[in-house]
Every structure is written in structure tokens, then in C-alpha cells.
Amino acid sequence: MSWEVVLDIAAAACFLFAGLLSLAAGVGVLRFGDLLSRMHAGTKPQVLGVLLGLAGYGLRMRSGPVLWTVLLVALFQLLTAPVAAHMVGRAGYRTGKVSSEGLAVDELTNDLSTAQQDIGPTG
């Protein structure tokens, strides 16, 4: 068995697991009840699925420019997905879509009340 066959099998395994993780993310988004659970299901396995898909593509193509492009896309995915999830969660909290009772630690209540006092009643 040559190295090309081994790399192709590894790429196929990466694609298979990427598809399964993306499917799990989709099912979680549909099935979970509250905003934070859906957000968790939509970001954690989806990001790992994208990274595995990119790894499979890099293993399959095996060229320098493709590997650099895959590396950049993976880096941007790792940088933007947590920030986007954080902003969605914060916006959901501010609009009342997240109940405080379900949170173990609630650090945004003081920030939200301070911001409302700074704006004033005419806001």
C-alpha cells in the first residue's frame, strides 16, 4: 500500500467525520429548545466539521497553494466562529431570549442595568 492510498483513506475518513459532525450540528439546531443550546450546537460541532473537511481536502489535493489556502480558511474559521457565537448570545440576552434562571453565572445583568442607566429614560 502506497502513501497516496493511505492519504486518500485518511481524507475519506476526515470527510466522513466532517459530514457526521455537520449533521449533528444541524440536528442540534433543530431539536434543542433554547437559544444558548442551539447556539452551542450550531458552533461547536460545525466548526470541527469544517476543520475536518478542510483537512480532508488538504490531504486529498496535496499541493502547496491548496494547503496554504486551507490553513488560512481554517484560521479565519477559528477566529470568527467564537466571536459570532458570543455576539449572538449577547444579543439574545439583551433582547430577552435567554432566561437568567438557566445560567450558572450571570455577568451581563450588571452591564445591562448600567448601560440602561447611562442611556437614561428617553434613550
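No lab work stands behind these numbers, since they all come straight from the coordinates. These numbers were taken from a predicted model, which means no experiment stands behind them. Positions of Cβ are generated from backbone atoms using ideal geometry, with glycine treated the same way; all protein chains shown enter the neighbour counts.
Below are the figures for this structure:
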| item | result |
| --- | --- |
| Some residue of region 40-54 being under 29 Å from VAL5 (Cβ atoms) and not in a helix (DSSP H, G or I) | no |
| Selection count where residues are surrounded by 12 or more Cβ atoms within 10 Å (Cβ to Cβ), among the polar types (S, T, N, Q) and part of a loop (DSSP other than H, G, I, E, B), scope region 1-35 | 0 |
| Which listed residue, of GLY102, GLY92, is in contact (Cβ under 8 Å) with a residue 60 or more places away in the chain and of a type in the set (Gly, Ala, Ser) | GLY102 |
| Subset of region 62-113 that is among the charged types (D, E, K, R) and in a helix (DSSP H, G or I) - its residue that is surrounded by the fewest Cβ atoms within 10 Å (Cβ to Cβ) | GLU101 |
| Residue list for region 92-114, filter: among the small types (Gly, Ala, Ser) and either more than 16 Å from ARG38 (Cα to Cα) or over 21 Å from the mean Cα position of the chain (by Cα) (or both) | GLY96, SER99, SER100, GLY102, ALA104, SER113 |
| Selection within region 10-64 - basic (Lys, Arg), in contact (Cβ under 8 Å) with a residue 12 or more places away in the chain and under 16 Å from PRO82 (Cα atoms) | LYS44 |
